[in-house]
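A short worksheet on the structure shown next.
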Amino acid sequence: MIRILLLLCLISMHPAYATEKSASDKLTIAAASDLRYALDEVISLFRQQQPNTDINVVYGSSGKISTQIRHGAPYDVFFSADIKFPEQLYSEGHAVTKPELYALGRIVLWSPQQNMSDITLSQLPQLQFRRLAIAQPAHAPYGLRAKEALQAAGLWQTVEHKLVYGENIAQTAQMAQSGGADIAIIALSLARFPELSSRGYHLIPAELHQPLTQAYVITRHGADKTTAHQLASFMARTEVLAIMQRYGFEKPNGLELP
């Protein structure tokens, strides 16, 4: 009996066993930057259910994260700001679950220098500003929607020479905060964060751009991780949906927000 217990002890201390156990207890999430504050709260709640799981969240632009996943980045769950990226990953075999809707995003005019609540997009040319920050349209969904809105309002050519670009929407907000831009078009979910909400914002009409239909998938890397599937189920909880609503996310077709 003593020999059996000793053998079990040695097996549990074996490096290969320890590595396997460690890997199964680790969850790596890649998420669009508009979720930086909302998802932090969601994960904080989730950790209460999974106290033994090491959860790491990486934020960035949806397009760049999607490319990283194609090249083998070890992300288990991907929260995108545009459903087209998880749809592509699923169709290419890089995701094992169909895209699940979690929210509809909105864009706003925001400035660290003045209250923008009474300023419409059409009034931009009348304002005295040096730089307007948007996220890079090539790979950031919020940047692309900002470009679409400016084009729909007939302002793209007027303001294009004043544009500066953030790598993602969170960096775009930071550029304006730090003085790198006088005005920014950012995610409503960021403008609702206490640090930024002291300045009023103007909600850009949704009809000026394609919808920011946001969805998540479990990647091939996370296919066998129970915690990844538990997080997917957790996203439908009332408390989670209430957090998303508090940060200004709207209800897309097929998702019930409180």
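Readers should treat all values here as calculations from the given coordinates under stated rules, not as data from a laboratory. The model shown is predicted, which means the values in this text are computed figures rather than measured ones. Quick reminder, even Gly has a Cβ in these numbers, built from the backbone with ideal geometry, and neighbours come from all protein chains shown.
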Give me the percent of DSSP beta bridges within segment 106-208 that run antiparallel, rounded to the nearest 5.
50 percent
Starting at the first residue of segment 117-127, write each ³J(HN,Hα) from the Karplus equation 6.51 cos²θ - 1.76 cosθ + 1.60 with θ = phi - 60°, in whole Hz, x for Gly and Pro.
4, 9, 9, 8, 4, 5, 8, 3, x, 7, 8
Would you please state the base-10 log of I(q)/I(0) at q = 0.09, 0.12 1/Å for the chain, with intensities from the Debye formula using one equal scatterer on every alpha carbon?
-0.44, -0.71
Under-5 Å amide H pairs with Ile119, H placed in peptide plane, nonlocal only
none
Amide H to amide H, which residues 5 or more places from Ala135 or on other chains are under 5 Å from it, using H placed in the peptide plane?
Gly143, Gly166
Percent relative contact order for the chain, counting Cα pairs under 8 Å at least six residues apart, stands at 28 percent
Under a 5 Å amide H to amide H cut-off, with H placed in plane at 1.01 Å, what residues pair with Tyr59 once short-range neighbours are removed?
Ala31
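Which net charge results for the neighbourhood of Leu231, defined as the other residues with beta-carbon distances under 12 angstrom from its beta-carbon, given Lys and Arg at +1 and Asp and Glu at -1?
Charge balance in the 12 Å sphere: +1.
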How large is the direction-averaged shadow of the alpha-carbon convex hull of segment 106-208, in nm²?
5.5 nm²
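Among the listed pairs Lys225/Lys251; Lys84/Lys162; Lys26/Lys64; Lys84/Lys147; Lys98/Lys147; Lys162/Lys251, which have their C-alpha atoms separated by more than 25 angstrom in this model?
Over 25 Å apart, Cα to Cα: Lys225/Lys251; Lys84/Lys162; Lys98/Lys147; Lys162/Lys251.
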In whole Å, how far is the Cα centre of segment 198-234 from that of segment 52-97?
11 Å
